[in-house]
């Protein structure tokens, strides 16, 4: 049994910046669980998710049910790595609320990867076919328009990760 206090890890980075890869690494320690939005959305909504609007709708539904689940895991002493994009202020507020309900700290991991690198990675990922969603260039650009890196005024403890 670990004596480390539970923590909520959240990850901010453009699409294909490496959020899921980092989430996997962060979830290695004992008493740590990773919850993947992509896995849940794929299992629950699969082929129904054809547009960004579908993602927004289904993601909101998933957040509603996951809030208490995440807070309960944190409250039970588990650290949680959210493999959800912490890419908008709205999503980060939700994540902070999950941690606040359980009275645990939040660490925001910021993946500092430029848009062109992310596009190349997304093309590679799409070609491999190993991800449940395969956005087009237009969808990639639409998603990138919503990306908002954290502002210091949001008050997160931030750990920056750079490629390399």
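Taken together, the values in this text are just the output of simple stated rules run on the coordinates, not laboratory data. Everything quoted here is computed from the prediction, not taken from an experiment. For neighbour counting, all protein chains shown are included, and Cβ atoms are generated from backbone atoms with ideal geometry for every residue, glycine included.
Comparing 95, 66, 78 in a Gaussian network model of the chain where C-alpha atoms under 10 Å apart are linked, the largest mean-square fluctuation is found at 66. Compared with the alpha-carbon gap, the fully stretched path from residue 115 to residue 130 is longer by 3.3 nm at 0.36 nm per residue.
Taken over the Cα atoms of the range 7-161, the convex hull encloses 109 Å³ per residue. Using all pairs of distinct alpha-carbon atoms, the Kirkwood hydrodynamic radius of the range 8-80 works out to 13.5 angstrom. Fewest-first ordering of 143, 65 by other beta carbons within 10 Å of each residue's beta carbon gives 65, 143. Which percent, nearest 5, of DSSP beta bridges in the range 7-161 are antiparallel? Taking every DSSP beta bridge within the range 7-161, about 0 percent pair in antiparallel fashion. Over the range 47-139, Cα pairs under 8 Å with separation of 6+ residues give a relative contact order of 20 percent. Centroid-to-centroid, using Cα positions, the range 145-164 and the range 20-59 are 20 Å apart. For the range 7-161, the relative contact order comes to 40 percent (Cα pairs under 8 Å, sequence separation of at least 6). Rounding to the nearest 10 and keeping the result within 0 to 90°, find how far the Cα-based axis of helix 89-102 lies from the longest principal axis of the chain. In the chain, helix 89-102 runs at an angle near 20 degrees to the longest axis.
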